[in-house]
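Engineer: Got a structure for you, written out below as structure tokens; questions coming shortly.
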Amino acid sequence: MRISERLARIKPSATLAVNAKAQELRAQGKEIISLAVGQPDFGTPKHVVEAAKAALNGGFTRYTPVPGIPELRDAVAGYYGRFYGAKATGDNAIISNGGKQVLYNLLMALVNPGDEVLVPAPYWVSYPAMVQLTEGVAVIVPTNPENNFLVSVADLEKHRTAKTRVLILNSPSNPTGCCYTQAQLDEIAEWALANDVFIISDEVYDRLVYAPAEPATLSRFYEVHPGHCAIVGALSKSFCMTGWRMGWALAHEDLVKAMIKIQGQSTSNVSSFSQKAAVVALEGSWDIVEEMKVSFVRRRDFAYDIITGWGAVCPKPDGAFYLFPVLDKFFTKDAPDSAAMCTKILEEAGVALVPGSAFGDDRCIRFSYAVDDEVLRDALTRVGRVLTGK
Ligand code: PLP
């Protein structure tokens, strides 16, 4: 079998490798707790499920326009007005299969072979692979836990060249949970504007930000400079709708048209009844998110105390549902890096975690706290025993 060279360069997903190993151990009868999860442990709100059922019962089961039904595109534009006071119209929105497809569409539409894309690390696993698929070059910009793993204008400037075309920003971050403030985002945006670097702002966790921190967004920057920035959003994380595949971009009309071309020749529209449900989600009550946040804050706080109690350095995140401690001081001869340590923890403690190497920082390991409190406590106690021997 001859597979394209383009694909040969793509690394297999480390997350999938952890899950495969966990499955193997489960098949052997071992009890495994997964803290490798990337989705809330809450169900999709009832009124949204009911809206999907009504759409199905009403026969709304056919193809829709490729970029989404007009009322959903309008609802996406309205979302940025409702939460952030940014003005946009439905023509600036495209609906795709999750934030993931939108990101891929954006990179396909923006990047020529050889163009450089700045990717601050730790990064979400798929960014470098997506850049590679477009035949662009992912330029990794390292950050440090002392700065909450946030990138500064000085860091970016160090990595900018004449070929730099795009910067991918992600706040709140997967894997660190850390968030930029509005002032930090604005400063980076001004730098990008001055240097003709297009920003893709991945804001899929935007509503999962914990007080006193406040959600920050580039949607208002987008409103003023639509040719220099696109906003990526999704209902997956903030509204517990990972399986519905509901994401979007807010972008310049020409960029939306380019993405419609890509999507029209690949996947066409997102499932019709998911779109009807998404309108209800976007325009209805978001109280459920406030309730969910209470649980996430409680878990973040005790998980953070346990992890730092091991003597690990770990920025206290203001958003999403991950902690990303630096654990390299616990690495050993038989577990010398984050992947080997995750395998050891899986085998000895029965806890699945994702190695930092998957996110571009091999010193760290990602812990998701999107699980029940007691399960989380139990898992952390077991991991602590492997790491510290106590
Ligand atoms: N961006 C980030 C930072 C993510 O963590 C994820 C999912 O894990 C996505 C995008 C893609 O989300 P979706 O499930 O909507 O495709």
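The values are calculated or read from the model by the stated rules, or taken from the named source; none is laboratory data. Source: prediction; values computed, not measured. Reconstructed Cβ throughout: ideal geometry from the backbone, glycine too, with neighbour counts over all protein chains shown.
Engineer: Is it the case that D206 is at pLDDT 95 or above, acidic (D, E) and within 16 Å of the ligand (Cβ to nearest atom)?
Structural biologist: On the way: at pLDDT 95 or above: yes; acidic (D, E): yes; within 16 Å of the ligand (Cβ to nearest atom): yes.
Considered against the rule, which asks whether it is at pLDDT 95 or above, acidic (D, E) and within 16 Å of the ligand (Cβ to nearest atom), D206 comes out as yes.
Engineer: May I pose another question? Please work out which residue is surrounded by the most Cβ atoms within 10 Å (Cβ to Cβ), limiting yourself to the range 330-374 and to residues that are in a loop (DSSP other than H, G, I, E, B) and of a type in the set (F, W, Y). Can you show your working first?
Structural biologist: Residues of the range 330-374 in a loop (DSSP other than H, G, I, E, B): 331-337, 350, 353, 360-363, 369-372.
If we keep only those that are of a type in the set (F, W, Y) as well, we get 331, 369.
Details: F331: 17, Y369: 28.
Taking the candidates together, the pick is Y369.
Engineer: Further question on the same structure: Is it the case that some residue within the range 72-88 is hydroxyl-bearing (S, T, Y), surrounded by 23 or more Cβ atoms within 10 Å (Cβ to Cβ), within 16 Å of the ligand (Cβ to nearest atom) and part of a loop (DSSP other than H, G, I, E, B)?
Structural biologist: The initial filter retains those residues of the range 72-88 that are hydroxyl-bearing (S, T, Y), namely 79-80, 84.
Those still in the list that are surrounded by 23 or more Cβ atoms within 10 Å (Cβ to Cβ) too: 79-80.
Imposing the further condition that a residue be within 16 Å of the ligand (Cβ to nearest atom) reduces the set to 79.
Going one step further and asking which of them are part of a loop (DSSP other than H, G, I, E, B), we end up with none.
No: the range 72-88 contains no residue that is hydroxyl-bearing (S, T, Y), surrounded by 23 or more Cβ atoms within 10 Å (Cβ to Cβ), within 16 Å of the ligand (Cβ to nearest atom) and part of a loop (DSSP other than H, G, I, E, B).
Engineer: Which of (1) under 18 Å from the mean Cα position of the chain (by Cα); (2) free of Cβ contacts under 8 Å to residues at least 24 places away in the same chain does G81 not meet, given it meets every other one?
Structural biologist: (1)
Engineer: Follow-up. Output the number of the condition that S268 fails; it satisfies all remaining conditions of (1) in contact (Cβ under 8 Å) with a residue 60 or more places away in the chain; (2) touching a Leu at 6+ places or on another chain (Cβ under 9 Å).
Structural biologist: Result: S268 passes all but (2).
Engineer: Check whether at least one residue in the range 334-349 is away from the ligand (no atom under 16 Å from the Cβ), in contact with a Gly (Cβ under 7 Å, 6 or more places away or on another chain) and not aromatic (F, W, Y), and report yes or no.
Structural biologist: Among the residues of the range 334-349, at least one is away from the ligand (no atom under 16 Å from the Cβ), in contact with a Gly (Cβ under 7 Å, 6 or more places away or on another chain) and not aromatic (F, W, Y), which makes the answer yes.
Engineer: What are the residues in the range 116-128 that are closer than 19 Å to A249 by Cβ and surrounded by fewer than 23 Cβ atoms within 10 Å (Cβ to Cβ), if any? Quick ask: steps written out before the conclusion?
Structural biologist: Residues of the range 116-128 closer than 19 Å to A249 by Cβ: 117-119, 123-124, 126-127.
Hits for the range 116-128 are W124, S126.
Engineer: Now for a separate question. Any residue at all in the range 307-324 that is in contact with a strand residue (DSSP E or B) (Cβ under 8 Å, 6 or more places away or on another chain) and either among the polar types (S, T, N, Q) or part of a helix (DSSP H, G or I) (or both)? Spell out the reasoning first.
Structural biologist: If we filter the range 307-324 for residues that are in contact with a strand residue (DSSP E or B) (Cβ under 8 Å, 6 or more places away or on another chain), which is where we start, we get 307, 312-314, 317-319, 321-324.
Next, only the ones that are either among the polar types (S, T, N, Q) or part of a helix (DSSP H, G or I) (or both) stay: 307.
Yes, because at least one residue in the range 307-324 is in contact with a strand residue (DSSP E or B) (Cβ under 8 Å, 6 or more places away or on another chain) and either among the polar types (S, T, N, Q) or part of a helix (DSSP H, G or I) (or both).
Engineer: Out of all the residues in the range 56-88, which are touching an Asp or Glu at 6+ places or on another chain (Cβ under 6 Å) and closer than 15 Å to M246 by Cβ? It would help to see each step written out before you state the result.
Structural biologist: Applying the first criterion (touching an Asp or Glu at 6+ places or on another chain (Cβ under 6 Å)) to the range 56-88 yields 75, 86-87.
Residue satisfying the conditions is A75 alone.
Engineer: Ok, one more. I'd like the full set of residues that are at positive phi and in contact with a Cys (Cβ under 8 Å, 6 or more places away or on another chain), limited to the range 310-347. Lay out the reasoning, then the answer.
Structural biologist: We begin by selecting, within the range 310-347, every residue at positive phi; these are 311, 320.
Matches in the range 310-347: none.
Engineer: Among the residues of the range 42-49, is there at least one that is over 25 Å from H225 (Cα atoms), of a type in the set (V, I, T) and away from the ligand (no atom under 16 Å from the Cβ)? Steps first, answer last, please.
Structural biologist: The initial filter retains those residues of the range 42-49 that are over 25 Å from H225 (Cα atoms), namely 42-49.
Narrowing the set further to residues that are of a type in the set (V, I, T) leaves 44, 48-49.
This time we only want the ones that are away from the ligand (no atom under 16 Å from the Cβ), so: 49.
Within the range 42-49 (the criterion being over 25 Å from H225 (Cα atoms), of a type in the set (V, I, T) and away from the ligand (no atom under 16 Å from the Cβ)), the answer is yes, since at least one residue qualifies.
Engineer: Taking the range 169-194 as the search range and keeping residues that are without any contact (Cβ under 8 Å) to a residue 60 or more places away in the chain and within 16 Å of the ligand (Cβ to nearest atom), which one is surrounded by the fewest Cβ atoms within 10 Å (Cβ to Cβ)?
Structural biologist: Pass one, the range 169-194, residues without any contact (Cβ under 8 Å) to a residue 60 or more places away in the chain: 169-170, 180-194.
Then keep just the ones that are within 16 Å of the ligand (Cβ to nearest atom); that gives 169-170, 180, 185.
Values: L169: 25, N170: 26, Y180: 25, L185: 21.
Ranking the qualifying residues of the range 169-194, first place goes to L185.
Engineer: Quick check on the range 89-122: of everything there that is within 16 Å of the ligand (Cβ to nearest atom) and hydroxyl-bearing (S, T, Y), which residue is nearest to G243 (Cα to Cα)?
Structural biologist: Among those that are within 16 Å of the ligand (Cβ to nearest atom) and hydroxyl-bearing (S, T, Y), it is S96.
Engineer: Something else now. Please specify each residue of the range 118-143 satisfying the condition of being over 22 Å from Q182 (Cβ atoms), over 17 Å from the mean Cα position of the chain (by Cα) and of a type outside the set (A, V, I, L, M).
Structural biologist: Listed by number, the residues that qualify are Q132, T134, E135, G136, P142.
Engineer: Can you find, within the range 221-249, the residue that is nearest to the ligand (Cβ to nearest atom) among those that are under 15 Å from A192 (Cα atoms) and part of a helix (DSSP H, G or I)? Spell out how you get there, then give the answer.
Structural biologist: The initial filter retains those residues of the range 221-249 that are under 15 Å from A192 (Cα atoms), namely 221-222, 224-231.
Then keep just the ones that are part of a helix (DSSP H, G or I); that gives 221-222, 224.
Working: F221: 19, Y222: 17, V224: 24 Å.
Within the range 221-249, the match that is nearest to the ligand (Cβ to nearest atom) is Y222.
Engineer: Output the residue which, of all residues in the range 250-284 that are in contact with a Lys or Arg (Cβ under 8 Å, 6 or more places away or on another chain) and within 16 Å of the ligand (Cβ to nearest atom), is nearest to Q101 (Cα to Cα).
Structural biologist: Among those that are in contact with a Lys or Arg (Cβ under 8 Å, 6 or more places away or on another chain) and within 16 Å of the ligand (Cβ to nearest atom), it is V270.
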